Amino acid sequence: MAETVETHTNGGNIDPVTFAVLHNSLKSVVDEMNLTMFRSAYSAVITEGRDIGGAVFDARGRLVAQGESDLAVFVTMLEFSCRAILERYQGDIHPGDAFILNDPFVGGTHFNDVGIIKPVFWQDELVALVAIVGHWPDVGGSEPGSFAPDATEYYREGLRIPPIKIVRQGKLDEGVYQLILANVRIPEEREGDVRAQLGAATVGEKRLLRLIEKYGKDTFVQCMDEAISYSERLLRQEFAAMPDGDYQWTEYLDQESPANPEPVKVHLTLRIGGDQAVFDFSGSDPQTRSAANSTYSGTASAVFVATKSLFPDIPMNHGCFEPIQFIMPEGTVVNAKPPAALSAMAATVYERVIGVAFGALAQAVPEKIMACPNGLINLTIGGFDPTANRYYVAYLFSEGGFGGRAAKDGSSGLVSLYGGGARITPVEVFERKYPLLFKQWQLRPDSGGPGRYRGGLGSTKTFMLTRGEARLTALGDRERFPAWGLFGGGSADKQGLVLNYGKENQENITLKAVGYVIREGDEVTVFGGAGGGYGDPLERDPEAVLEDVREEYVSIQHAADAYGVIVDPDTMTVNIPATNRLRAELQQKRLGGGQL
Amino acid sequence: MMRVGVDVGGTFTDFVLLDEETGKLEVQKVSSTSDNQMRGVMEGIERSGCAPREISMFLHGTTVATNAVIQKTGCRTGLLTTKGFRDVLKIRRTTRGKLYDVQWDPPEELVPRRYRLEIDERTDAFGRILKPVDQDEVLAAAEKLVQAGMESIAVVFINSYANPANEAETCRIISEAFPDLFVVSSSQVLREWREFERTSTAVVAAYVGPLLRRYLGSMTAELDRGGYRGRALVMLSNGGVAPADQVEELAPRSLLSGPAAAVIAAREIGRLTGEENLVSIDIGGTSTDVAMVYQGELLMSLEQEIEFGTIVHLPVIDVSTIGAGGGTIAWVDRGGVLQMGPQSAGADPGPVCYGKGGTEPTLTDANVVLGRLNPGHLLGGQLPIDRDRAFKAIEEKIAQLLGLDTYTAARGMVEVLNQNIANAIRKITVQKGYDPREFALFCCGGAGPLQAAEIARELSMKAIIVPPNPGVTSALGLLLTDVRHDYVTSYIRELNQVKPEDVEMAFASMEEEGRKQLAADGIGAENMAFERSADLRYLAQTHELTVSWPYPPEDRDAGVTGSIRADAWRSLCQAFHDRHQQEFGYAADLGEPLEIVNLRVAAIGKLSHPELVGNAAGSEVDGIGSQPKSNRLVCFKETGNDSVPTPVYMRQDLSAGDTVPGPAIVEQFDSTVLILPGQVGRVDAYGNIIIGDTI
């Protein structure tokens, strides 16, 4: 280890101890902003779900630090927003200003994720920016909850807020504020969210100023510079260690739009050369006429998240972006232009970009990667509760299985990689607040992709509407193209959405459902995503398969079919001779299949 | 008669013995016996020369439950859940422990899936039973778990907070059939909504319950054999104590036993010294506990996370723990940045300077190199110190990699660690709207008094309090507690729709339960007290704040509780708005609708406390009463990292009224006090050293 350590002399004038101290303090500033935010906001998605992200940027808009629980998707995209503000408002940024935005074309995700960005001044000089994003349950548009997966243009998805001042030199701009509130559902709740976000940004500003006061502006700025070049050095080392070459991977979305069931291609050529990487998306399909699109900043963010997840010890900041270049043809699904709709970005293209990045990186660093993880499923259920006599919008987030890895099975029941500290809302909270009764929320046996190291399991959730009528809208994918395995590992079970599953009136309403009307007594079943397997399942240790059978992660039938392992149901032991025979047979069949 | 507090820590088992006639305190330390904590406890009692029959009250802080959870050595536990929900324990709240890391995995759950069985029963969110439990199904499931060797079963059904009948019936059926099994229902330990938090709490209780029953059972038997007539009391995470035989209650509530007792001691010593606002830091070998006392009150938290994803959702003293202690290892990461921890060399092999095989430089090694710790020996000479070895380790593993000289590297190690602790203090103060400059820093644990001076200076805190025996603070705290039982009922209603008589009934029934429990504990009615509080939030929020619930003033005196009047409602709302303002920096208009979520009662049985007496030998007149024992070279930031001759005092030579101008070192058996240039220490009448700035 000691040989690879670089001496800390190229970092400029800041001494290593001050750097370590100040760098840790920057991270704790963001944690403080977040705590303020998720304990005082109104939106359940923020307070229970923790669907937020905060960060500190330098005066050039470069990401410097994030906290412990921020959604990676927000943090990596906010840099684009900060830079847009610095460009557009050059010469017109003053102490006490605060900006609001949700524009996916300049670093937003979908309209629901609303950011507040606040410049930080030291003696009239702009020294940093603090930013905090939170998911608002509604920003207007055609559907309650603002998800409109079948929208062909973004106008149906609610209010687009380009970077705009909401606070001018300490004074709230009532006009802007009222314009926003007039365009969203349940505006009184959103007032609470705005207050909490502005409060959190102010906490961040104050704490940064105290740090500058203590260490001096120059040291503070040097620390930010050094933090960035430190991460850059580390990531360059990693790329340099990878074999140079082109690595390809292709992924598909289930469909282009409701009108066109053709799959949509996301294609990546990863070009590793020396200590840098080019992510070239040439060959990806044109942007869609549905909400399944991504923007330049969204696609870049997905690449950063995928890459960074392989190197957990590198601090996340702008330095992680420097060694990476992009080729993203305009007007494609990975770099859509207005008026493309985008509300399904995370659950669709964003995840496919992570997928192709993993698939390509797997060829360069197979020991660090995992097979494909589950895909996000977001559901909104909106209706009128006749007993409580009120309208409601319930928002159901998803968790799922991760992919198998070079030496370990995939984990089950986790929020997505880019979902950071997000959490699901408890069943007991859902049932108390909405006319819903859950029948199950449990792991689905046999859903994990088989492999030498199995993929993590997906869950199955079933809930019943107990009163009135409601409209159901889903954001989700991987009904046709489930999470894939690596190096011989199998795919995970498919995702899906079924009404009255197992009953006479069963109906496959699919994860593309928009405003689907359900009635009292209807049961909705969500087949959540699992992870792909890693390595050949016939090479999985039979004892590990047996353990899975005991834990009911894998059925006895699936153990035989997918792993070639025969488990005796009476003794719960592996029948070794029978297993050896079956594995040889399956092996033979594969070779035979190859000849056809 | 003697009152005895015994706290078991990772390295030492600490004793504080109070002679009830003379008020004299005696302290004792023996090595902890990790295989069976009881041996160390009994050994220490014997060594103190105090026979169990001379003990009037035995108070105990134990890590049995905490260790079992962290080391996964609890008993074999089964879980019965509502059909469809056996994986709540596994799925948790779906969070991940690391933001970017595909190799990260959550810890294994305490009950494997095969021992999580489902019962076809259901209660809805409003407490209506949709499906009662079937006796045969429950028996079959319990039978299966017993066959598989389970020692305990947790029963957790959806919505049992709204109506616990199905859980209670299930427990009754199991206990009747298997009387020796440890059975616990979720509504019994926590009648509050959110199924994961309730499941985790109940499972922890079941997982450690039988273990605690065995441990405390054999300990009380041993005490009884020696002639002890009282009831052994065990420290709870909420700052109170409960009798050792109430294992069902203790099981989920004793996981912060030791740290909670230290905060109790901090509060009491703060009261004596006139400091109502304190931050306490307890720095041990591997970790630091940080807590706060505000206006003489303990700050409580509603939840404790024992390790990632294992939660006990019960009121606890708000103690945050970070991986920073004497054994914390310094390292240079591959990007060339100095890091401290979280890995620790622990007690074995320990720091390099112990010469017991440790090779990685630790905080203690840095302190030895800097001259802050005695470079020859520690623990009154029992532990020889090898300074050269420590110097070499820091030189090779830190200084050379950073391009620094060894002293600067050692200073850097101390500074990074202090900063980590300062950031933890900021999180509980600044972040919640408290200004650390209005707080004194109470430091304890072996390493606390060595780090406190720089941490307090970093945060501009008003003073530092070093108690007479920093290493046995938890054991002292045990002697200063009361019996405490917490009760909670979920009552989810908009404030303007609340029926006062419903609320009153809920409070009264919890108080009745508390009264019965306290009577069973042997507490007389005159020593019982009840505190009501409620968790409130703005209607649309999902996060609650706890505020105390007003009694109607005239009824409070009469001990009769009536319905709540309009002015009491107003003061309740005001209290909520004020707390919201304090914690989050803003409050909505007073007209904003509020919602009640939970009603809480704390039933307190007051115990008589020893009066900590002032030291009669000293005088209240300032003056340097004692001469330093020696001088040694110590390195300070304030002297530009130069080592300067610094007087070294012995703590036992100091008496009340003495002042010790910085820079100075004060050594005592299990701790070393550092006073910086520009600071001055003053010994108060209780033997505390109060350190402040000279300017």
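The values are calculated or read from the model by the stated rules, or taken from the named source; none is laboratory data. Being a predicted model, the structure only gives us computed values, none of them experimental. Here Cβ is always computed from backbone atoms with ideal geometry, including for glycine, and neighbour counts include all displayed protein chains.
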Q: Evaluate segment B:397-420: report whether one residue or more is in a strand (DSSP E or B) and either at negative phi or in contact with a Phe, Trp or Tyr (Cβ under 6 Å, 6 or more places away or on another chain) (or both).
A: no
Q: Output the number of the condition that A:TYR215 fails; it satisfies all remaining conditions of (1) modelled with pLDDT of 95 or more; (2) in contact with a Leu (Cβ under 7 Å, 6 or more places away or on another chain).
A: (1)
Q. Scanning segment B:119-130 for residues that are surrounded by fewer than 19 Cβ atoms within 10 Å (Cβ to Cβ) and either free of Cβ contacts under 8 Å to residues at least 24 places away in the same chain or at the interface with chain A (Cβ under 9 Å from one of its Cβ atoms) (or both), which turns out nearest to A:ALA306 (Cα to Cα)?
A. B:ASP124
Q | Options A:ARG480, A:ARG454; residue that is more than 23 Å from A:ASN112 (Cβ to Cβ), within 14 Å of chain B (Cβ to nearest Cβ) and among the basic types (Lys, Arg) | A | A:ARG454
Q: Hey, can you tell me all the residues within segment B:81-134 that are assigned to a strand (DSSP E or B) and not acidic (Asp, Glu)?
A: B:THR81, B:THR82, B:ARG116, B:LEU117, B:ILE119, B:ARG122, B:THR123, B:ILE129, B:LEU130, B:LYS131
Q. With respect to the numbered conditions (1) more than 20 Å from the chain's Cα centre (by Cα); (2) touching a residue at least 40 places away in the same chain (Cβ under 8 Å), which one is the sole condition not fulfilled by A:GLY456?
A. (1)
Q) When segment A:418-437 is examined, which residues are found to be at the interface with chain B (Cβ under 7 Å from one of its Cβ atoms) and in contact (Cβ under 8 Å) with a residue 12 or more places away in the chain? A) A:GLY420, A:GLY421, A:ARG423, A:ILE424, A:PRO426, A:VAL427, A:VAL429, A:LEU437
Q | segment A:196-215 - residue that is farther than 11 Å from A:LEU22 by Cα and free of Cβ contacts under 8 Å to residues at least 24 places away in the same chain and, of those, farthest from the other protein chains (Cβ to nearest Cβ) | A | A:GLU213
Q. Out of all the residues in segment A:478-490, which are crowded, with 22+ Cβ neighbours inside 10 Å and either touching a strand residue (DSSP E or B) at 6+ places or on another chain (Cβ under 6 Å) or of a type in the set (S, T, N, Q) (or both)?
A. A:LEU486, A:GLY489
Q. Does A:THR460 satisfy the criteria of being more than 8 Å from chain B (Cβ to nearest Cβ) and modelled with pLDDT of 95 or more?
A. yes
Q.
Go through (1) over 21 Å from A:VAL30 (Cβ atoms); (2) more than 14 Å from chain B (Cβ to nearest Cβ); (3) in contact (Cβ under 8 Å) with a residue 60 or more places away in the chain; (4) within 27 Å of the chain's Cα centre (by Cα) for A:GLU238 and report which single condition fails.
A. (2)
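Conditions tested, residue by residue: (1) at pLDDT below 95; (2) among the acidic types (Asp, Glu).
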site	(1), (2)
A:ALA182	no, no
A:ARG190	yes, no
A:GLY204	yes, no
A:SER229	yes, no
A:PHE239	no, no
A:ASP246	no, yes
A:TRP249	no, no
Q | Exclusive hit being within 24 Å of the chain's Cα centre (by Cα) and either more than 30 Å from B:THR362 (Cβ to Cβ) or more than 14 Å from chain A (Cβ to nearest Cβ) (or both), set B:LEU518, B:LEU495, B:LEU459 | A | B:LEU518
Q | Residue among A:ALA300, A:ALA341 that alone is out of contact with any helix residue (DSSP H, G or I) (no Cβ under 6 Å at 6 or more places or on another chain), of a type in the set (A, V, I, L, M, F, W, C) and either part of a helix (DSSP H, G or I) or farther than 23 Å from A:ARG233 by Cα (or both) | A | A:ALA300
**Q.** Any hit, segment A:45-67, residues being modelled with pLDDT under 80, under 25 Å from B:ALA422 (Cα atoms) and within 8 Å of another protein chain (Cβ to nearest Cβ)
**A.** no
Q: Those residues that are at pLDDT 90 or above and either more than 15 Å from B:THR288 (Cβ to Cβ) or of a type in the set (S, T, N, Q) (or both), I need them from segment B:321-349; list them, please.
A: B:THR328, B:ALA330, B:TRP331, B:VAL332, B:LEU338, B:GLN339
Q) Which one of these is over 25 Å from the mean Cα position of the chain (by Cα) and outside any helix (DSSP H, G or I): A:ASP225, A:ASP218, A:ASP246? A) A:ASP246
Q.
Out of B:ALA168, B:ALA154, I need the residue that is assigned to a strand (DSSP E or B), touching a Ser or Thr at 6+ places or on another chain (Cβ under 8 Å), away from chain A (no Cβ under 14 Å) and surrounded by 16 or more Cβ atoms within 10 Å (Cβ to Cβ). Which one?
A. B:ALA154
Q | Count of residues meeting criterion [part of a loop (DSSP other than H, G, I, E, B), out of contact with any helix residue (DSSP H, G or I) (no Cβ under 6 Å at 6 or more places or on another chain) and closer than 18 Å to B:VAL312 by Cβ] in segment B:171-193 | A | 2
**Q.** Condition met for A:LYS439 (surrounded by fewer than 21 Cβ atoms within 10 Å (Cβ to Cβ) and part of a loop (DSSP other than H, G, I, E, B))
**A.** no
Q | Close pairs (9 angstrom Cβ cut-off, 6 or more residues apart or separate chains): modelled with pLDDT under 90 in segment A:99-112, outside any loop (DSSP other than H, G, I, E, B) and among the basic types (Lys, Arg) anywhere | A | A:VAL106/A:ARG83; A:VAL106/A:ARG88; A:GLY107/A:ARG83
Q. Mind checking whether some residue in segment B:340-353 is closer than 20 Å to B:LYS427 by Cβ, assigned to a strand (DSSP E or B) and in contact with a helix residue (DSSP H, G or I) (Cβ under 9 Å, 6 or more places away or on another chain)?
A. yes
Q.
Looking only at residues that are facing chain A (nearest Cβ under 8 Å) and among the aromatic types (Phe, Trp, Tyr) in segment B:97-118, which one is farthest from A:GLY456 (Cα to Cα)?
A. B:TYR100
**Q.** Number of positions in segment B:421-434 that are within 10 Å of chain A (Cβ to nearest Cβ), touching a residue at least 12 places away in the same chain (Cβ under 8 Å), surrounded by fewer than 22 Cβ atoms within 10 Å (Cβ to Cβ) and not basic (Lys, Arg)
**A.** 2
Q | Checklist (1) free of Cβ contacts under 8 Å to residues at least 60 places away in the same chain; (2) more than 30 Å from A:PRO366 (Cα to Cα); (3) within 7 Å of chain B (Cβ to nearest Cβ); (4) surrounded by 22 or more Cβ atoms within 10 Å (Cβ to Cβ) applied to A:VAL415, failing item | A | (2)
(Q) Looking at segment A:1-36 only, could you name the residues that are over 23 Å from A:LYS217 (Cβ atoms), more than 9 Å from chain B (Cβ to nearest Cβ) and modelled with pLDDT of 70 or more? (A) A:ASN34
Q. When you go through (1) away from chain B (no Cβ under 14 Å); (2) without any contact (Cβ under 8 Å) to a residue 24 or more places away in the chain; (3) under 19 Å from A:SER229 (Cα atoms) one by one for A:GLN325, which number turns out not to apply?
A. (2)
